[in-house]
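Okay, structure first, notes after.
The values are calculated or read from the model by the stated rules, or taken from the named source; none is laboratory data. What you see is a predicted model, and the numbers here were worked out from it, not measured in a lab. So basically every Cβ, Gly included, is an ideal-geometry build from the backbone, and we count neighbours across all protein chains shown.
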Amino acid sequence: MTSSDDRISPLHGAGGELMAKLLAEHVLPHFDKSSAGRIGLSALDDGATIQLPSSGELVMTTDSHVVKPIFFPGGDIGKLAAAGTLNDLAVMGAKPLALSLAFIIEEDFLIADIDRIVRSFADTLAGSEVALVCGDTKVMGHGELDGIAVNTTGIGIADPAISDADALPGDIIIVTGTMGDHGMALLAAREEFRLETELMSDVASIWPMIQSVLPLGGIRAMKDPTRGGLATALNEMARKSGTTLEVIQADIPIRGAVQGLSDLLGISPLEVANEGKAVLIVDPETADDILTTLRQHPLGEHTAIIGRVGTEYPGRVVVTTVVGGRRFMDMPLGDPVPRIC
Ligand code: MG
């Protein structure tokens, strides 16, 4: 049995003693001395300061997470919130400097679950030299929210930033691993399915892996294939650059279990989210070095070249199928799995 002390009450979001106690006991200890400047998290001031490096451009990104279920095979909403923001910075070529963490929590949410989420968020930041510098907590009543929503904003520094728009004809298209793991794992874990599978989300911070290839140069465009999966990422990159992205279906890495569930449910693994992968479009001169370096990283062991950039159909993605036919890979209307992140 849990007592009322073990659950979130409206007062936990009311800015008084109870909120201060929640932060002091369940949040701040995970981010001891976390700071990116003179005034850090523990100051509990109205804002935090960030010491800027002497060169480069600031990159800022924000993301809200409403994933269902909150705890899933391979991760939880805390890991997803940290990785999602770090990865958006990473694929801009930005070293993360500082993050914020804001919770909107439904009344009666278990405080033990807040602990798990915060610990998981903190563990995901470890190894990235990034500081949590500010946050916020609000509580909504029963039925006004489904458990918890988490918002994270991140600031990083890039020198220079890498966009997702600058693919050039002749460039090589690389993915850093198997596609569709997060989306299919979430789908399998949903209450309405309760499928017994070995599927695990790929959610992870890819910054350390991306950091290892940035010095090689030659990365023309980069993107994390989250909502809408690889199909959405490639279509956006093709449209923005006005090139044709030509991919070979047989070269796209997909786990057997992901393909199996995908066949069963009629959902393409190329249209569902990944949360620990990147798509890179690179200069052919550096493609081999980038491939080798990515494969040396534990998160990149299944890195593969999946195609190249052409000019035949500007703004479109063309797939060569396993039987040798060619067809367009269209932009999905949206991710077929709702509340995926
Ligand atoms: Mg992104």
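Listed by first and then second residue, the pairs with beta-carbon distance under 7 Å, at least 6 apart or on different chains, first residue in the range 87-98 and under 17 Å from Arg227 (Cβ atoms), second in a strand (DSSP E or B) and within 9 Å of the ligand (Cβ to nearest atom), are Asp88/Thr61; Asp88/Asp63; Val91/Lys223. Being surrounded by 13 or more Cβ atoms within 10 Å (Cβ to Cβ), touching a Lys or Arg at 6+ places or on another chain (Cβ under 6 Å) and outside any helix (DSSP H, G or I) is a property that Ile281 has.
Remark: pairs (first residue in the range 41-62, on the phi > 0 side of the Ramachandran plot; second residue within 16 Å of the ligand (Cβ to nearest atom); Cβ separation under 8 Å; 6+ apart in sequence or on different chains) = Gly56/Ala158.
Suppose we filter Ala20, Ala81, Ala36, Ala43 for residues that are within 16 Å of the ligand (Cβ to nearest atom) and not polar (S, T, N, Q); which single one remains? Outline the logic, then answer.
Values: Ala20 fails: within 16 Å of the ligand (Cβ to nearest atom); Ala36 fails: within 16 Å of the ligand (Cβ to nearest atom); Ala43 fails: within 16 Å of the ligand (Cβ to nearest atom).
Result of the check over Ala20, Ala81, Ala36, Ala43: Ala81.
Note on the range 213-231: residues that are under 19 Å from Asp159 (Cα atoms), of a type outside the set (Val, Ile, Thr) and assigned to a helix (DSSP H, G or I) amount to 3. Taken residue by residue, the range 265-273 has at least one member that is in contact (Cβ under 8 Å) with a residue 60 or more places away in the chain and not in a loop (DSSP other than H, G, I, E, B).
Tell me, yes or no, whether the range 232-242 has at least one residue that is in a loop (DSSP other than H, G, I, E, B) and either hydroxyl-bearing (Ser, Thr, Tyr) or not assigned by TED's automatic domain parsing to the domain that holds Arg308 (or both). The answer is no, given that none of the residues of the range 232-242 is in a loop (DSSP other than H, G, I, E, B) and either hydroxyl-bearing (Ser, Thr, Tyr) or not assigned by TED's automatic domain parsing to the domain that holds Arg308 (or both). Note on the range 131-167: residues that are over 30 Å from Glu246 (Cβ atoms) and away from the ligand (no atom under 16 Å from the Cβ) total 22.
Checking the structure you have, find out if any residue of the range 218-230 is away from the ligand (no atom under 16 Å from the Cβ) and either at pLDDT 95 or above or within 29 Å of Thr61 (Cα to Cα) (or both). Yes; the residues of the range 218-230 include at least one that is away from the ligand (no atom under 16 Å from the Cβ) and either at pLDDT 95 or above or within 29 Å of Thr61 (Cα to Cα) (or both).
A quick yes/no check of all residues on (1) under 29 Å from Val319 (Cβ atoms); (2) crowded, with 19+ Cβ neighbours inside 10 Å; (3) without any contact (Cβ under 8 Å) to a residue 24 or more places away in the chain; (4) not assigned by TED's automatic domain parsing to the domain that holds Ile70:
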{"site": "Thr153", "(1), (2), (3), (4)": "no, no, no, no"}
{"site": "Ala165", "(1), (2), (3), (4)": "yes, no, no, yes"}
{"site": "Thr176", "(1), (2), (3), (4)": "yes, yes, no, yes"}
{"site": "Glu196", "(1), (2), (3), (4)": "no, no, yes, yes"}
{"site": "Ser205", "(1), (2), (3), (4)": "no, yes, no, yes"}
{"site": "Met209", "(1), (2), (3), (4)": "yes, yes, no, yes"}
{"site": "Val213", "(1), (2), (3), (4)": "yes, yes, no, yes"}
{"site": "Ile219", "(1), (2), (3), (4)": "yes, yes, no, yes"}
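Taken as a whole, the structure places Gly256 among residues that are small (Gly, Ala, Ser), in the same structural domain as Val282 (by TED's automatic domain parsing), away from the ligand (no atom under 15 Å from the Cβ) and free of Cβ contacts under 8 Å to residues at least 12 places away in the same chain.
Tell me, please, whether a residue that is more than 18 Å from His26 (Cβ to Cβ) and either crowded, with 19+ Cβ neighbours inside 10 Å or of a type in the set (Asp, Glu) (or both) can be found in the range 136-146. Looking through the range 136-146, at least one residue is more than 18 Å from His26 (Cβ to Cβ) and either crowded, with 19+ Cβ neighbours inside 10 Å or of a type in the set (Asp, Glu) (or both).
Residues in the range 71-106 that are touching a strand residue (DSSP E or B) at 6+ places or on another chain (Cβ under 6 Å), closer than 20 Å to Leu22 by Cβ and outside any strand (DSSP E or B): Ile77, Ala81. Under 17 Å from Asp171 (Cβ atoms) and charged (D, E, K, R), is that true of Glu312? In short, yes.
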